[in-house]
1. Taking into account only those residues within the range 201-219 that are loosely packed, with under 12 Cβ neighbours inside 10 Å and outside any helix (DSSP H, G or I), which is nearest to the chain's Cα centre (by Cα)?
2. On the given criteria, is ALA137 without any contact (Cβ under 8 Å) to a residue 60 or more places away in the chain, part of a helix (DSSP H, G or I) and more than 59 Å from the chain's Cα centre (by Cα)?
3. Within the group GLY169, GLY188, which residue is of a type in the set (Gly, Ala, Ser) and either buried (at least 19 other Cβ atoms within 10 Å of the Cβ) or not in a helix (DSSP H, G or I) (or both)?
4. Considering only the range 19-40, I want to know if a residue exists there that is in contact with a Ser or Thr (Cβ under 9 Å, 6 or more places away or on another chain) and part of a helix (DSSP H, G or I).
5. If the requirement is being crowded, with 18+ Cβ neighbours inside 10 Å and either without any contact (Cβ under 8 Å) to a residue 40 or more places away in the chain or not in a helix (DSSP H, G or I) (or both), which of these qualifies: ALA77, ALA93, ALA5?
6. Go through the range 348-359 residue by residue and tally those that are touching a helix residue (DSSP H, G or I) at 6+ places or on another chain (Cβ under 6 Å) and modelled with pLDDT under 75.
7. Do the conditions hold for GLU242, that is, is it among the acidic types (Asp, Glu) and either open to solvent by less than 30 Å² (accessible area, probe 1.4 Å) or closer than 13 Å to GLY188 by Cα (or both)?
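The values are calculated or read from the model by the stated rules, or taken from the named source; none is laboratory data. The shown structure was predicted, so the numbers you read here are calculated from the model rather than taken from an experiment. Here Cβ is always computed from backbone atoms with ideal geometry, including for glycine, and neighbour counts include all displayed protein chains. Keep in mind that these areas ignore ligands, DNA and RNA; they rest on the heavy atoms of the full protein, side chains included. Shrake-Rupley method; radii C 1.70, N 1.55, O 1.52, S 1.80 Å.
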Amino acid sequence: MQIDATYSPEDNKIRLYASARLDSETYERVKAAGFHWAPKQELFVAPKWSPKREDLAIELAGQIEPEEMTMAERAQAKAERLDELAHKRHRQANAYNRAAQELSEAFSNGQPILVGHHSEAKARKTQARMHSAMTNANKAAKLADYWLYRADGVERHANFKNDPRVRAGRIKTLLAELRDMQRDINHGHLCLAAWEKITQDEAIKIAIGRSIATGSLAPWDLYSKVDKGEVTPQEARQQCIEAANRTINSDYRRRYITHTLNRLSYERELLGQVSRFEGELTPVILQAFAREHGAHKPEGRSVDGETFILESSAVLPLHLANDTVLELSADEWRDLMQSAGYEVPAKKDGMPPILNLKCKALQAPNRYRRGEVQTFPVVEMTKADYGKIHSEQRGTRLSLCGEFRFKICPNPRHDGPRYMAGWCAVFLLDSKAHPLPDSVAALESVEAVA
């Protein structure tokens, strides 16, 4: 018996093609690994790739080859099968309709069923057969519409998967998965750094129940074991170190990271070539790039304007640098970002600057009533006075003189009325003043003339 294994990066699935029926032992192993039998395609398919399924496929087939049939071709084949089912149901519906029409001819002249006559049994049987044929015709027509709808859905789904916006979303999802896996490795490195400093028994007992920025320093059940005396502090420390080393050196996790990087490369290639960043390189750009690929709190700095250093308290991601520090020239950083598929986001428009304007009143759209304009009176004071009012009335809205201005309905839980201040604009006398915008200056000049 020959078994062939294929992998499709389009849907991230492994498929097994067997030339004959699997024996019971092999079938149980394939089923336990998560493979399902697809009768129409005559193959076993896994819902997604995993190291365990890849190992089993290589063991059974010897190697995994690329899937020859694309997602569009597979969708087309499935749509054709569903179309054939729809046509079959249409033919059945037409046959039942013809049978119902032939049976209805017995009642075409309006001849009623004669109760008690010798023809009553035959007439009622004919009537029942006619009703049954009409019911079956109706069911077959509905099934035909259903299979046509399924065929159309299969084609729409294939087109949806190949949409550039959907592909860009898959890239974001893969990057998120990459960061999750790298976060576990970062936590392992930080735990090792912490346990190198913690060596005394009393300090170990305290640290076992504590956490760092990335998670707990010890397994959840280790504290109770040490507290009950089942495990000594030094044994607990050694277990924590071994657990951190297993996380860092896990072959399973590294294979997942490699596989995710390969899928990212495939998706980016289909989406289009990533442009090389030619703008001014800054440490902030490098930090954002490293964070997107899973680095733990990276810090960048410029050495001489042409050389940049990126470092982290944990080891940087393996596909960037298997070290805590990475030093490259500006061109090398640009090449690395392009090879990793990273595009520097366009700079967003920042918030408008806060200007110290002196005018009679400021107007703005009412945040509570749409379509209305709200006017804010301008109050003049020094920075010291403003800071004093703010500290005294912290959490309230300042009125014209820094006191409560509006009286609202009484609070049923307290005696007396409740007050709330209104909004106002403050002009600082001892701060730099800016000229009024043209629109405000023109408005005030018109009011002055009037």
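1. Filtering the range 201-219 for residues that are loosely packed, with under 12 Cβ neighbours inside 10 Å and outside any helix (DSSP H, G or I), the one nearest to the chain's Cα centre (by Cα) comes out as ALA213.
2. On the way: without any contact (Cβ under 8 Å) to a residue 60 or more places away in the chain: yes; part of a helix (DSSP H, G or I): yes; more than 59 Å from the chain's Cα centre (by Cα): no.
No: the conditions fail for ALA137.
3. Working: GLY169 fails: either buried (at least 19 other Cβ atoms within 10 Å of the Cβ) or not in a helix (DSSP H, G or I) (or both).
From the options GLY169, GLY188, the qualifying one is GLY188.
4. Start the filter on the range 19-40 by keeping residues that are in contact with a Ser or Thr (Cβ under 9 Å, 6 or more places away or on another chain), which leaves 33-34.
Applying the additional criterion that residues be part of a helix (DSSP H, G or I) yields none.
Scanning the range 19-40, I find no residue that is in contact with a Ser or Thr (Cβ under 9 Å, 6 or more places away or on another chain) and part of a helix (DSSP H, G or I), so the answer is no.
5. On the way: ALA77 fails: crowded, with 18+ Cβ neighbours inside 10 Å; ALA93 fails: either without any contact (Cβ under 8 Å) to a residue 40 or more places away in the chain or not in a helix (DSSP H, G or I) (or both).
Being crowded, with 18+ Cβ neighbours inside 10 Å and either without any contact (Cβ under 8 Å) to a residue 40 or more places away in the chain or not in a helix (DSSP H, G or I) (or both) holds for just one of ALA77, ALA93, ALA5, which is ALA5.
6. Kept after step one, since they are touching a helix residue (DSSP H, G or I) at 6+ places or on another chain (Cβ under 6 Å), are these residues of the range 348-359: 359.
Now restrict to residues that are modelled with pLDDT under 75: none.
Qualifying residue count, the range 348-359: 0.
7. Details: among the acidic types (Asp, Glu): yes; either open to solvent by less than 30 Å² (accessible area, probe 1.4 Å) or closer than 13 Å to GLY188 by Cα (or both): yes.
In short, yes.
Let's see how each residue does on (1) modelled with pLDDT under 90; (2) surrounded by 16 or more Cβ atoms within 10 Å (Cβ to Cβ); (3) in contact with a Phe, Trp or Tyr (Cβ under 8 Å, 6 or more places away or on another chain); (4) assigned to a loop (DSSP other than H, G, I, E, B):
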{"site": "GLY300", "(1), (2), (3), (4)": "no, yes, yes, no"}
{"site": "ASP304", "(1), (2), (3), (4)": "yes, no, no, yes"}
{"site": "LEU310", "(1), (2), (3), (4)": "no, yes, no, no"}
{"site": "ALA314", "(1), (2), (3), (4)": "yes, yes, no, yes"}
{"site": "ALA321", "(1), (2), (3), (4)": "yes, yes, no, yes"}
{"site": "LEU328", "(1), (2), (3), (4)": "no, yes, yes, no"}
{"site": "ASP331", "(1), (2), (3), (4)": "no, no, no, no"}
